[in-house]
């Protein structure tokens, strides 16, 4: 395992070994059985290229009314609890007693991407955001706390964990592309990204 620090963003390379990655994927699969993946629309009415679901008290949602946290899946059920193997990652990289209330789960196919954005729908920005990569490699772009300016990029591989806290909490970031077929972790390919957030 190696540690990189890029613009105050902590990147823990190979944080999860293959066995741990498989354990988390199994946990995600159980979440998706209870709360199926869906494809939200942006506030502009365009479908997002990722599919998502969530675990915890809150899930993240988007439609023409805007971006927000909600306590129910679009089909009406409560979100499943955040799996213990996922919470263990949060505990290990943050050392915090406070635990996240949302684990957003995004699935990226080979043509999916995520534009540059800030995570700022939470009540407080005092808590870090923890991101876990599983499956195919993704080109992660890191910007600034204001939109625009120079950016830096790093390839995230399966098992990498990113922590954005402190000065990096409101940094702009995104995923430019996914390297199709770069991992065999997911039987159908693609990438799963888990994002742990304290909401309230």
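None of the figures in this text is laboratory data; all of them are computed from the coordinates on show. For clarity, every value in this text was computed on a predicted model and none was experimentally measured. When we count neighbours, we look across all protein chains shown, and the Cβ atoms used for this are built from the backbone with ideal geometry, even at glycine.
Table for the structure above
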| item | result |
| --- | --- |
| Which listed residue is buried (at least 17 other Cβ atoms within 10 Å of the Cβ), in contact with a strand residue (DSSP E or B) (Cβ under 6 Å, 6 or more places away or on another chain) and under 18 Å from residue 8 (Cβ atoms), from 153, 158, 183, 131 | 131 |
| Qualifying position, being over 19 Å from residue 42 (Cα atoms) and out of contact with any strand residue (DSSP E or B) (no Cβ under 9 Å at 6 or more places or on another chain), among 123, 138 | 123 |
| Odd one out for residue 12 among (1) touching a residue at least 60 places away in the same chain (Cβ under 8 Å); (2) part of a strand (DSSP E or B); (3) crowded, with 21+ Cβ neighbours inside 10 Å | (3) |
| Unmet requirement for residue 26, which otherwise passes all of (1) over 23 Å from residue 186 (Cβ atoms); (2) exposed (fewer than 14 other Cβ atoms within 10 Å of the Cβ); (3) within 17 Å of the chain's Cα centre (by Cα) | (1) |
| Any hit, region 169-186, residues being under 14 Å from residue 6 (Cβ atoms) and more than 13 Å from the chain's Cα centre (by Cα) | yes |
| Strands (runs of 3 or more DSSP E) (entirely within region 49-95) containing at least 2 residues that are crowded, with 21+ Cβ neighbours inside 10 Å | 51-56, 59-63 |
| Whichever residue in region 29-48 is farther than 22 Å from residue 116 by Cβ and out of contact with any strand residue (DSSP E or B) (no Cβ under 8 Å at 6 or more places or on another chain) and, among such residues, is surrounded by the fewest Cβ atoms within 10 Å (Cβ to Cβ) | 33 |
| Spans of strands (runs of 3 or more DSSP E) in region 111-200 with at least 3 residues under 20 Å from residue 88 (Cα atoms) | 129-135, 161-164, 191-197 |
| Filter result for residue 81 (closer than 14 Å to residue 28 by Cα and free of Cβ contacts under 8 Å to residues at least 40 places away in the same chain) | yes |
